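What follows is a set of notes on a single structure, which appears directly below.
The values are calculated or read from the model by the stated rules, or taken from the named source; none is laboratory data. Note that the structure is predicted; figures quoted are calculated from it, not measured. Cβ coordinates were reconstructed from backbone atoms using ideal geometry, including for glycine residues, and neighbour counts include every protein chain displayed. We work out accessible area using only protein heavy atoms, side chains counted, and drop any ligands, DNA or RNA first. Shrake-Rupley method; radii C 1.70, N 1.55, O 1.52, S 1.80 Å.
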Amino acid sequence: YGYERLRFPRPVFIGDTIRTRLTVTALTPEPKRPEHGRVVETCEVFNQRGEIVLVCQHILLARRRDS
């Protein structure tokens, strides 16, 4: 669905090297679409010194697998 709680705690400068870590933090059913569910990922972006320069939650709508 989009991004929530988007924060930039530190600046990123030209020449910085960044890396990203995504962690799935929630899986919930979608009430209006029973064949789909919501996936919430926490996205963290780090600079070359290991400092967090961006953090947010990414919310996706995904088709559920048959169990």
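Quick one: plug the Kirkwood hydrodynamic radius of the chain (C-alpha pairs) into Stokes-Einstein at 25 °C, 0.890 mPa s, and report D in µm²/s. Write out the running numbers ahead of the final one.
Values: Rh = 13.4 Å.
Using the Kirkwood radius from Cα pairs, D works out to 183 µm²/s.
Using a 1.4 Å probe, what is the accessible area per residue for the chain, in Å²? Before the final figure, lay out each step's value.
Working: 5320 Å² over 67 residues.
Normalised by residue count, the accessible surface of the chain is 79 Å².
If Lys and Arg each add +1 and Asp and Glu each add -1, what is the summed charge of the other residues whose beta carbon sits under 9 Å from the beta carbon of residue 58? Provide the component values of the computation, followed by the final result.
Values: positive: none; negative: 4, 41.
Surrounding charge for residue 58 is -2.
Please report the carbon-and-sulfur percent of the accessible area for the chain; probe 1.4 Å, protein heavy atoms only, DNA, RNA and ligands left out. Could you put the intermediate results ahead of the total?
Numbers: 2840 of 5320 Å².
Solvent-exposed carbon and sulfur of the chain make up 53 percent of the total.
Which of 39, 55, 24 ends up with the largest GNM mean-square fluctuation for the chain, with Cα atoms connected below 10 Å?
Of the options given, 24 has the highest mean-square fluctuation.
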